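S.K.: I have a structure I would like to understand better, so I am pasting it below and will then ask my questions one at a time.
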Amino acid sequence: MKKVTSIVSIFVILILSFQHVSSSPFLYASQVHVESSGGRNVKQEQEHAQEVRCSRERSRAARKVIEEYLTPFVEREKYKLSSKCQLHPENDIFGDQEEHKLFIDRHEWRCGYCKKSFRAEKFLDQHFDNRHYNLLNLSHGKCLADLCGALHCDAAMNFKSSRSKCNPAASARNRYLCESLADNCFPISEGPSAGRLHELFLHQFCDAHTCSGKHKPFSRGGKDQSSFLRLAAGALILVLLPVFYLFLYLIQSDVKGQTQELRRISKAGWKTKPS
Ligand SMILES: [Zn+2]
């Protein structure tokens, strides 16, 4: 029986350690982890912004927020965003260029249009600005970076310290922009899945536009978190399964041992009875 109690204690320790991992700050860190922008050429960005009036870097931040904290839910509902919705990939001026970025390794980025290689992403960005300017998707004239206020790009990318002072007027403006995005992209009149996504959008992005600090952005979680949890659950099952079988085996052998002992006692009892 000692063996059995030791196995039970292993079980308890494993479960407790899993709970510790899931509540650790690592989860949040993995949520907000983004590749560092690494001293992007600000001058180039400004020159470019004058021509296009849309920041490539902030558009990228907005796209990452959408892919991380909205797309998984939209896909789960099998909902099709209308092209009128500003969150639709078609409305990203830089969308096509970003799709033509080939990441080879940490020190090599390749242009998908002309196959030229670059040491860093920022050089490829400059190359796009200089050589493939004609391939910018200007037809819609929508700038994804304009949505950064509503989508909490700064919080997601750690651009600014979260302790920076909250401006009530800016919060109200962002909330209005956020709610109009929810109305345009997920009109409640379109059916139950649009209604569910409308509500999710408000919780995920709009509720946090207040200075009360009561609501955090991305309260419904994102892609990283769910994949991490799935990974952790898979690992836990892999660890626990053999322990469970060992546990069963020990119980069985324990029961067998006890019945053998009972048999021996009863046999001894039968033998002593006649005398
Ligand atoms: Zn090129």
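The values are calculated or read from the model by the stated rules, or taken from the named source; none is laboratory data. What you are looking at is a predicted structure, and each value in this text was computed from that prediction instead of being measured. Heads up, the Cβs are rebuilt from the backbone with ideal geometry, glycines too, and the neighbour counts pull from every protein chain shown.
S.K.: Does Lys115 count as within 16 Å of the ligand (Cβ to nearest atom), surrounded by 18 or more Cβ atoms within 10 Å (Cβ to Cβ), over 23 Å from the mean Cα position of the chain (by Cα) and not hydrophobic (A, V, I, L, M, F, W, C)? Step through it out loud before you land on a result.
M.R.: Values: within 16 Å of the ligand (Cβ to nearest atom): yes; surrounded by 18 or more Cβ atoms within 10 Å (Cβ to Cβ): no; over 23 Å from the mean Cα position of the chain (by Cα): yes; not hydrophobic (A, V, I, L, M, F, W, C): yes.
Considered against the rule, which asks whether it is within 16 Å of the ligand (Cβ to nearest atom), surrounded by 18 or more Cβ atoms within 10 Å (Cβ to Cβ), over 23 Å from the mean Cα position of the chain (by Cα) and not hydrophobic (A, V, I, L, M, F, W, C), Lys115 comes out as no.
S.K.: From the list Arg56, Arg106, which one is surrounded by 14 or more Cβ atoms within 10 Å (Cβ to Cβ) and either modelled with pLDDT under 95 or in contact with a strand residue (DSSP E or B) (Cβ under 7 Å, 6 or more places away or on another chain) (or both)? It would help to see each step written out before you state the result.
M.R.: Working: Arg106 fails: surrounded by 14 or more Cβ atoms within 10 Å (Cβ to Cβ).
Exactly one of Arg56, Arg106 is surrounded by 14 or more Cβ atoms within 10 Å (Cβ to Cβ) and either modelled with pLDDT under 95 or in contact with a strand residue (DSSP E or B) (Cβ under 7 Å, 6 or more places away or on another chain) (or both), namely Arg56.
Quick grid of which residues meet (1) in contact with a Gly (Cβ under 8 Å, 6 or more places away or on another chain); (2) without any contact (Cβ under 8 Å) to a residue 12 or more places away in the chain; (3) within 16 Å of the ligand (Cβ to nearest atom):
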| site | (1), (2), (3) |
| --- | --- |
| Asp92 | no, no, no |
| Ile104 | no, no, yes |
| Trp109 | no, no, yes |
| Gln126 | no, no, yes |
| Arg131 | no, no, yes |
| Lys142 | no, no, no |
| Cys166 | yes, no, no |
| Ala170 | yes, no, no |
